[in-house]
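The values are calculated or read from the model by the stated rules, or taken from the named source; none is laboratory data. What you see is a predicted model, and the numbers here were worked out from it, not measured in a lab. Quick reminder, even Gly has a Cβ in these numbers, built from the backbone with ideal geometry, and neighbours come from all protein chains shown.
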Amino acid sequence: MASTTDMAMSDALLAAILKTLDEEKAEDIVQIDLHGKTSMADYMVICSGRSTRQVAAIAEKLAQHVKHEFNRTPRIEGKDIGDWVLIDTGDVIVHVFRPEVREFYQLEKMWQVGGDPAAVQN
């Protein structure tokens with residue numbers, strides 16, 4: 001079980017990520033609480049960028065912010081292509097998609113509780 005300090009750090013990281021995504025004009029930002037569902041992370045965030053260039057730019061800015069503010073170097077996959085970029089910050093995993101790619105993979109549906117759309121938070 002995670003300590004209160006770990007949870008507070010995870011929540012602070014999530015808040016900073018959501019703020020950065022908003023500032024970088026990411027669209028359709030969804031956060032998913034993974035507590036009790038998996039041990040890979042505490043939260044997952046899924047969002048969209050309008051183009052491959054914007055997807056890559058959002059990922060780059062987010063990685064820089066996390067490194068600067070939290071002294072963590074996130075792992076990034078897919079930035080060179082820009083269709084789907086995964087940013088693993090440790091406690092929060094962020095997926096940035098082009099809208100067409102996001103629609104195809106529908107990651108949000110994988111993490112919904114019992115198929116209830118209300119389980120995913122916008």
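So which residues in the stretch 77-101 are more than 27 Å from residue 6 (Cβ to Cβ) and either among the acidic types (Asp, Glu) or modelled with pLDDT of 95 or more (or both), if there are any at all? Even if it seems obvious, please write down each step before you answer.
At the first step, the residues of the stretch 77-101 found to be more than 27 Å from residue 6 (Cβ to Cβ) are 78-84, 97-101.
Of everything in the stretch 77-101, those that are more than 27 Å from residue 6 (Cβ to Cβ) and either among the acidic types (Asp, Glu) or modelled with pLDDT of 95 or more (or both) turn out to be 80, 83, 84, 97, 98, 99, 100, 101.
Taking only the stretch 18-43 into account, find how many residues are among the hydrophobic types (A, V, I, L, M, F, W, C) and either touching a Leu at 6+ places or on another chain (Cβ under 6 Å) or more than 20 Å from residue 101 (Cβ to Cβ) (or both). Residues meeting the conditions: 5.
If the condition is being loosely packed, with under 15 Cβ neighbours inside 10 Å, of a type in the set (Gly, Ala, Ser) and closer than 20 Å to residue 104 by Cα, then the stretch 33-84 contributes only 51. Of the residues making up the stretch 17-28, those that are within 30 Å of residue 4 (Cβ to Cβ) and surrounded by fewer than 17 Cβ atoms within 10 Å (Cβ to Cβ) are 19, 22, 23. Which of the residues spanning the stretch 1-16 are crowded, with 17+ Cβ neighbours inside 10 Å and at pLDDT 95 or above? If the condition is that a residue be crowded, with 17+ Cβ neighbours inside 10 Å and at pLDDT 95 or above, then 13, 14, 16 are the ones that fit.
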